[in-house]
1. Against the 2.2 N^0.38 Å scaling, with N counting residues, where does region 28-75 land? I'd like the Cα-based Rg ratio to two decimal places.
2. Applying the Karplus parametrisation 6.51 cos²θ - 1.76 cosθ + 1.60 with θ = phi - 60° to the phi angles of region 35-40, what ³J(HN,Hα) value in whole Hz is obtained for each residue in order, glycine and proline being reported as x?
Amino acid sequence: VFSLVIESALENLKDVRSFINEAGHTLNIDADTLGDLCLVVDEAVTNIIVHGYDGQPGPIEIEVSAEQDDLVIHIRDQARAFNDSDVEAPHLNEALSERAYGGMGVYLIRSLTDEHEFRSLPEQGNELRLVKYGVVGN
């Protein structure tokens, strides 16, 4: 298990991307899949920082592990509760100039992973579990 804890701050996103890249290389994840996973984790952590903590300090924990040949990523925070069913799908058929800025994070999480589960933690905060099938050691 690879683990990283950062403080909720946008300037720490580079550390998150480096961490995902290092873990992915160690687990022999192909470059395209690793690029997708970096994007997904970056989006998830950005949403925690901007929306969950509202730019305030707070811990974010990321764990990466292999379960057989599946890659599993857990992202935990102590921010206010988040319910992904409250997030509207982006209007991809609209012109970019007419779309609201943002709103792609949850869409990318849903699109680029094989499993994704958002849940509230009993004590406080949230956990996002991401799974990508059959990518470890390939």
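Values quoted throughout were computed directly from the atomic coordinates according to the rules given, and no laboratory measurement underlies them. Keep in mind it's a predicted model, so treat the numbers as computed, not measured.
1. In units of the 2.2 N^0.38 Å rule of thumb, it is 1.33.
2. x, 4, 5, 4, 5, 4
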